[in-house]
1. For Glu83, only one of the following conditions fails: (1) under 30 Å from Val262 (Cα atoms); (2) crowded, with 22+ Cβ neighbours inside 10 Å; (3) not hydrophobic (A, V, I, L, M, F, W, C). What is its number?
2. Where in segment 228-309 are there strands (runs of 3 or more DSSP E), lying fully within it, with 3 or more residues that are touching a helix residue (DSSP H, G or I) at 6+ places or on another chain (Cβ under 8 Å) and either β-branched (Val, Ile, Thr) or at pLDDT below 95 (or both)?
3. Give the residue that is surrounded by the fewest Cβ atoms within 10 Å (Cβ to Cβ), with candidates limited to residues of segment 120-165 that are in a loop (DSSP other than H, G, I, E, B) and aromatic (Phe, Trp, Tyr).
4. Any residue at all in segment 190-201 that is in the same structural domain as Pro48 (by TED's automatic domain parsing), of a type in the set (Ser, Thr, Tyr) and not in a strand (DSSP E or B)?
5. Among the listed residues Ser118, Ser101, identify the single one that is at pLDDT 90 or above and not assigned by TED's automatic domain parsing to the domain that holds Cys406.
6. Which one of these is more than 17 Å from Gln389 (Cβ to Cβ) and crowded, with 21+ Cβ neighbours inside 10 Å: Leu203, Leu229, Leu197?
7. Could you list, ordered by first residue, the pairs with Cβ atoms under 6 Å in which the first is in segment 71-82 and within 18 Å of Pro144 (Cα to Cα) and the second is in a loop (DSSP other than H, G, I, E, B), at least 6 apart or interchain?
Amino acid sequence: MASASASATTSTSTGTQRPIVILGAGVIGLTTAVQLLESEFYQSTRPPVHIVTDHLPNDPLDAKYASTIAGAHHLSFADDNDERQRRWDRKSPLDDRLTESRTAFLIMYEEWRKLGESSGLMALKQTEMFVGETKHLEIYEEHPDFTVIEESQRPKYVDHAVSFTSLTMTPLVYLNRLLTRINALSEHQVFIHRHHLSSLSALSHPSSQAIIGDRPPSAVIVCTGIGALTLGGVEDQTVVPARGQVIKVRAPWIRSGYTRQVGSLTGSEGGERTYVIPRPDGEVILGGTREIGDWFPYPREETSQDILRRVLEICPDLCPKHKIAPPLVQAQNQMEKPITGHPLDRDEGTAISPLQSLVVQTLVGFRPSRELGTRLERGPDLELEEGIQTAVIYNYGHGGAGWQSCWGTAEDAVDLLLQAI
């Protein structure tokens, strides 16, 4: 039975209804489960629901489970012409017409407004800077407090900049809140199983029937992220890892977010992005990288040093002044040049970043990217028992947009499910 700690269970379903199975327990799988449980269909019929997963939120970090490693802030990449992604990501809480929409920004903003930072969310001023571009994504204008920053107020070498109110997330806190909501909405009747499923057809194997029951599911929602590449019956060869390396530091004085985009996003996550993502608990995520097709699961030291250099260019306040004092004398026993106050005004030969003592952990995660973009559709039915069809709904391939689009895609996935059954 599901619990806040998401312990696995070996209990089986009872009754005559066919179960609904959700594959995956990252932010996509768990928000999809909540959306299903909140539906009128579930509340009136109470079918058995099972979440089947290799990895749970409180497990040790794993690069293939990107939800807990993500920097996790709400900053859309949606191209001005990509109405589907804009719909999932967008929408300011100031627009009364949007109060019924299950979009991530609106839902999370209201959670933060009602629960404060115990929600795992933090509202903050976000500054988005562009190098080589003189325009911003139109979707940013829908955020509260949107402002174009004048040239005189921009950092050096930045061609355009805007600021607005946005959100950051502490992934583990938020994911555990989702587990708690699943328990509450289902009255502890949703079962979460740590069970490796090699293929969709393996749902009819005795090892699967032992946990979900011997009746074939009425529907399966595939929220397996990077696992869609190897899951039998899906084996989507357009799914690729976008390796991201980030550094977690302790810097509670940072309460604003910063991102610098060098080059075009090209409708998704192109170019080089440098970001500073503070969290309510005083930790700050520094990034990052986007290395397509790179499966190396461990940090690279040269990448870490490059990140620490880049983040100081966009947020000098990361480094307190007491950490940047140069030596009083040079090797020639001459007085050092005066301190300028900028952490980058140091000897070029110095290899160790002034931020090194703030580092808590360096993390690597594989964003579940897909060459064709997020796959959110109903696929061909699955026949696990002769003459009985199981609807298959796909909700994976979000890349780096999982946290900012999770509620919007969850709504669409559940709508497809309800149409199917």
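1. Failed condition: (2).
2. Values: elements: 239-250, 257-262, 272-278, 283-287.
Answer list for segment 228-309: 239-250.
3. Kept after step one, since they are in a loop (DSSP other than H, G, I, E, B), are these residues of segment 120-165: 120, 132-137, 143-146, 149-150, 154-159.
Still in the running and aromatic (Phe, Trp, Tyr): 146, 157.
Working: Phe146: 14, Tyr157: 11.
Top of the filtered list is Tyr157.
4. In the first step, residues of segment 190-201 are kept if they are in the same structural domain as Pro48 (by TED's automatic domain parsing); the result is 190-201.
Then keep just the ones that are of a type in the set (Ser, Thr, Tyr); that gives 198-199, 201.
If we keep only those that are not in a strand (DSSP E or B) as well, we get 198, 201.
Yes, segment 190-201 contains at least one residue that is in the same structural domain as Pro48 (by TED's automatic domain parsing), of a type in the set (Ser, Thr, Tyr) and not in a strand (DSSP E or B).
5. On the way: Ser101 fails: at pLDDT 90 or above.
So the residue among Ser118, Ser101 that is at pLDDT 90 or above and not assigned by TED's automatic domain parsing to the domain that holds Cys406 is Ser118.
6. Selected residue: Leu197, the only one of Leu203, Leu229, Leu197 that is more than 17 Å from Gln389 (Cβ to Cβ) and crowded, with 21+ Cβ neighbours inside 10 Å.
7. Between residues of segment 71-82 that are within 18 Å of Pro144 (Cα to Cα) and residues that are in a loop (DSSP other than H, G, I, E, B), the close pairs are Phe77/Leu265; Phe77/Ser268; Phe77/Glu269.
Here is a yes/no grid of residues against (1) assigned by TED's automatic domain parsing to the domain that holds Ser405; (2) part of a loop (DSSP other than H, G, I, E, B); (3) more than 20 Å from Tyr174 (Cα to Cα); (4) in contact (Cβ under 8 Å) with a residue 40 or more places away in the chain:
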{"site": "Val21", "(1), (2), (3), (4)": "yes, no, yes, yes"}
{"site": "Gln35", "(1), (2), (3), (4)": "yes, no, no, yes"}
{"site": "Ser44", "(1), (2), (3), (4)": "yes, no, yes, no"}
{"site": "Leu56", "(1), (2), (3), (4)": "yes, yes, no, yes"}
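The values are calculated or read from the model by the stated rules, or taken from the named source; none is laboratory data. What you see is a predicted model, and the numbers here were worked out from it, not measured in a lab. When we count neighbours, we look across all protein chains shown, and the Cβ atoms used for this are built from the backbone with ideal geometry, even at glycine.
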